[in-house]
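Encoded as structure tokens, the structure appears first; notes follow it.
Derivation of every value follows stated rules applied to the coordinates shown; laboratory data play no part. Because the structure is predicted, anything quoted here is derived from the model rather than measured. As a convention, Cβ positions derive from the backbone with ideal geometry for all residues, glycine included, and neighbour counts pool all protein chains shown.
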Amino acid sequence: MSLREKQAEFLTKVSNLVTIATAMGMTMFVNEWYRTPERQAELVKAGKSKTLNSLHLKGLAVDII
């Protein structure tokens, strides 16, 4: 499966999660999805992440709030 296909599948699953949560009366949204290597390094330096090899770098992770 290509990266684009993985991203499309992942985004569909995240969208479904947000839809289900909304139907249950919850409010949520994606705070951060794709990160540049520079952004990821900032988060590691600030102690908010522990890895420079996050799936955010591939668009395969989200922070939901």
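Charge dipole (Cα centre; +1 on Lys/Arg Cβ, -1 on Asp/Glu Cβ; no other charges) of the chain amounts to roughly 160 debye. Close amide H partners of ILE64, meaning residues 5 or more places away or on another chain with modelled amide H under 5 Å apart, are ASN31. Around LYS58, under 13 Å between beta carbons, what's the net of Lys plus Arg minus Asp minus Glu among the other residues? Within the 13 Å Cβ shell, the charges total +1.
Taking 7 Å steps out from each Cα toward its Cβ at LEU17 and LEU55 produces label points 0.8 nm apart. So for the chain, what percent of the C-alpha to C-alpha distances run longer than 16 Å? Result: 51 percent of Cα pairs exceed 16 Å.
Counting other Cβ atoms within 10 Å of each Cβ, which trypsin sites (Lys or Arg not before Pro) in the chain have at most 13 and sit in a DSSP loop? Those that pass, being in a loop and sparsely packed, are LYS48, LYS50.
Angle of helix 3-23 to the longest C-alpha principal axis of the chain, folded into 0 to 90 degrees and rounded to 10: 50°. Restricting the chymotrypsin sites (Phe, Trp or Tyr not before Pro) of segment 1-50 to loop positions (DSSP other than H, G, I, E, B) with no more than 16 neighbouring Cβ atoms within 10 Å leaves PHE29, TRP33, TYR34.
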